[in-house]
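A.B. asks: Please read through the structure below; I'll follow up with questions.
Computed from the coordinates by the stated procedures, all read-outs in this text should not be read as laboratory data. The structure displayed is predicted, hence computed values, not measured ones. Backbone-built Cβ (ideal geometry, glycine too); neighbour counts: all protein chains shown.
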């Protein structure tokens, strides 16, 4: 509990710094605070790719939004990306949202995620991710599963 308060205090300070340094309205809210992936290794690696400008998109299951009662990101939304430990590292702004069946994802789409050199490796990695996430929150992966593909840009980061 004490650690959660500590992390929330860090996030609050980070957000205030972002608002001040980017001259945004002090009432601006963020959509969410999150880290990528389900493991420490991948959460931190994907964050690294975001920070160097290689990763500019992310794919999520539409089912996960529905099950968890969260709204789908919209163009202009701001989110805080953390490392695995929950320390905020950057703010991203959603620039585009596309919802397509998993089986319709092409390499032109998935390469924006900056993680894979081929469509085959993207498909294999995301099948594994969606199957594991589905086990954890209660959905079953299938090829027609709707995928929320979110393009974003980094609008603030700390070194």
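A.B. asks: Which residues, taken from region 8-45, are assigned to a helix (DSSP H, G or I), buried (at least 16 other Cβ atoms within 10 Å of the Cβ) and in contact (Cβ under 8 Å) with a residue 60 or more places away in the chain?
C.D. replies: 11, 14, 15, 18
A.B. asks: If you go through region 145-159 one residue at a time, how many are assigned to a loop (DSSP other than H, G, I, E, B) and in contact with a helix residue (DSSP H, G or I) (Cβ under 6 Å, 6 or more places away or on another chain)? Walk me through it before giving the result.
C.D. replies: Residues of region 145-159 that are assigned to a loop (DSSP other than H, G, I, E, B), as a first pass: 145, 158-159.
Right, trim to in contact with a helix residue (DSSP H, G or I) (Cβ under 6 Å, 6 or more places away or on another chain) and you get 145.
Here the count works out to 1.
A.B. asks: Any residue at all in region 71-80 that is over 23 Å from residue 133 (Cβ atoms) and assigned to a loop (DSSP other than H, G, I, E, B)? Give the derivation first.
C.D. replies: If we filter region 71-80 for residues that are over 23 Å from residue 133 (Cβ atoms), which is where we start, we get 75-76, 78.
Cutting the leftovers down to assigned to a loop (DSSP other than H, G, I, E, B) gives us 75-76.
Looking through region 71-80, at least one residue is over 23 Å from residue 133 (Cβ atoms) and assigned to a loop (DSSP other than H, G, I, E, B).
A.B. asks: While we're looking at this one, here's another question. If the requirement is being free of Cβ contacts under 8 Å to residues at least 40 places away in the same chain and closer than 23 Å to residue 69 by Cα, which of these qualifies: 132, 140?
C.D. replies: Exactly one of 132, 140 is free of Cβ contacts under 8 Å to residues at least 40 places away in the same chain and closer than 23 Å to residue 69 by Cα, namely 140.
A.B. asks: Right, residue 62: surrounded by fewer than 19 Cβ atoms within 10 Å (Cβ to Cβ), at negative phi and within 15 Å of the chain's Cα centre (by Cα) or not?
C.D. replies: Considered against the rule, which asks whether it is surrounded by fewer than 19 Cβ atoms within 10 Å (Cβ to Cβ), at negative phi and within 15 Å of the chain's Cα centre (by Cα), residue 62 comes out as yes.
A.B. asks: Give region 98-119 a look and list any residue that's free of Cβ contacts under 8 Å to residues at least 12 places away in the same chain and part of a loop (DSSP other than H, G, I, E, B), or say none.
C.D. replies: Within region 98-119, 116, 117, 118 qualify.
A.B. asks: If residue 122 meets every condition in (1) touching a residue at least 40 places away in the same chain (Cβ under 8 Å); (2) in contact with a helix residue (DSSP H, G or I) (Cβ under 8 Å, 6 or more places away or on another chain) apart from one, which number is that one?
C.D. replies: Result: residue 122 fails condition (1) only.
A.B. asks: Just to be sure before I move on: is residue 74 under 14 Å from the mean Cα position of the chain (by Cα), surrounded by fewer than 19 Cβ atoms within 10 Å (Cβ to Cβ) and either touching a residue at least 12 places away in the same chain (Cβ under 8 Å) or closer than 19 Å to residue 33 by Cα (or both) in the structure I sent?
C.D. replies: So residue 74 passes the test.
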